1. Return the total of residues in the stretch 57-116 being touching a Lys or Arg at 6+ places or on another chain (Cβ under 7 Å) and of a type in the set (Phe, Trp, Tyr).
2. Filter the stretch 87-134 for residues that are hydrophobic (A, V, I, L, M, F, W, C) and farther than 22 Å from Glu185 by Cα and give the result.
3. For residues in the stretch 88-130 being small (Gly, Ala, Ser) and assigned to a helix (DSSP H, G or I), which is farthest from Tyr203 (Cα to Cα)?
4. Among what's in the stretch 199-240 and is at pLDDT below 95 and at positive phi, pick the residue that is surrounded by the most Cβ atoms within 10 Å (Cβ to Cβ).
5. Suppose we filter the stretch 239-258 for residues that are in a loop (DSSP other than H, G, I, E, B) and more than 13 Å from Ala213 (Cα to Cα); how many remain?
6. Identify, please: which residue in the stretch 144-197 is in contact with a Phe, Trp or Tyr (Cβ under 8 Å, 6 or more places away or on another chain) and not in a loop (DSSP other than H, G, I, E, B) and is, among those, nearest to Ser227 (Cα to Cα)?
Amino acid sequence: MSAPNQLGLRGVILCADDFAVHESASRGIAALAAMGRLSATSAMVLSPRWPQDVALLQEVRGHIDVGLHLDWTSDFAIAAGHGKSLRAAMFKAALGGFDRTAARDVIERQLDAFEAQWMAPPDFVDGHQHVQQFAGIRDALVQALASRYGHKSDHTPYVRISRAPAASADLKSWVIAAMGASALETIATKAGITGATALLGIYDFSGDGARYAGLMAGWLHAAPARSIIMCHPALSDEVGDAIGAARAREFAYLGSADFPQALARARVQLVRGVSQ
């Protein structure tokens, strides 16, 4: 991973999750990326929108990281035949874990779906609701990445380690990390796969725009170099989206003049995670 340092600025990745979850998210993410307000996005390739929405990212190709949002818990994953509710997936991970062979097949199919539209490997892999670090899935993921890309020294995807810095951790972030952040980091390191230093942007999706602005200011100040702040923006509150209102608030803030000012105050520069 690269960490440019201009005038003492910390390089931090701002990643918009859930590209292709619906049209509003795809268009909102593409718009923010074109403005330079994001440095990464991860795609839900099981969504029927992925083959058409991928065109929205062509304008920013080479300017942001585009990765795979590995999916086991969305309606798309359930429709694909391997998905589970988040609660069921967490129980399975805690009680012995997912079958590695079956998980590897699911991961390979999602990598195939990504490459079929993007015409290149993903810059990174993370997971919808952090499934990339669940027991069984994490092992299969590292094996798949090492097998598919390990010989390509110029382009091995990095992985998200969903663990908040200690000073920023709360109950939700602790639970997320406890589902396997350290285990994923260990096996990825042994395989020569890079992981981000930390994850911020974890919250309960409640509150108004002022609350989100305050949270972002805190994340920017707390973010170590080469860490990831995740976000979930969309142009508008989509009907049926449980976090639709939060997505719209995030888009409004990230697209406003306030966000660059927050970056400057925190002395943070948005960077990509891939080697330059």
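1. 2
2. Of everything in the stretch 87-134, those that are hydrophobic (A, V, I, L, M, F, W, C) and farther than 22 Å from Glu185 by Cα turn out to be Ala88, Ala113, Phe114, Ala116, Trp118, Met119, Ala120.
3. Looking at residues that are small (Gly, Ala, Ser) and assigned to a helix (DSSP H, G or I), I get Ala116.
4. Arg226
5. Total satisfying the criteria: 5.
6. Gly195
This table checks each residue for (1) surrounded by fewer than 19 Cβ atoms within 10 Å (Cβ to Cβ); (2) hydroxyl-bearing (Ser, Thr, Tyr); (3) in a strand (DSSP E or B).
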site	(1), (2), (3)
Arg37	no, no, no
Ser42	no, yes, yes
Leu46	no, no, no
Asp53	no, no, no
Glu59	yes, no, no
Val66	no, no, yes
Phe76	no, no, no
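Every residue, every condition in (1) touching a Cys at 6+ places or on another chain (Cβ under 6 Å); (2) surrounded by fewer than 20 Cβ atoms within 10 Å (Cβ to Cβ); (3) not aromatic (Phe, Trp, Tyr), yes or no:
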| site | (1), (2), (3) |
| --- | --- |
| Gly62 | no, yes, yes |
| Thr73 | no, no, yes |
| Gly81 | no, yes, yes |
| Ala88 | no, yes, yes |
| Arg104 | no, yes, yes |
| Glu108 | no, yes, yes |
| Trp118 | no, no, no |
| Val125 | no, no, yes |
| Val131 | no, no, yes |
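The values are calculated or read from the model by the stated rules, or taken from the named source; none is laboratory data. Just so you know, these numbers come straight off a predicted model, no measurement behind them. Because the Cβ atoms are built from the backbone with ideal geometry, glycine has one as well, and the counts that use them run over all protein chains shown.
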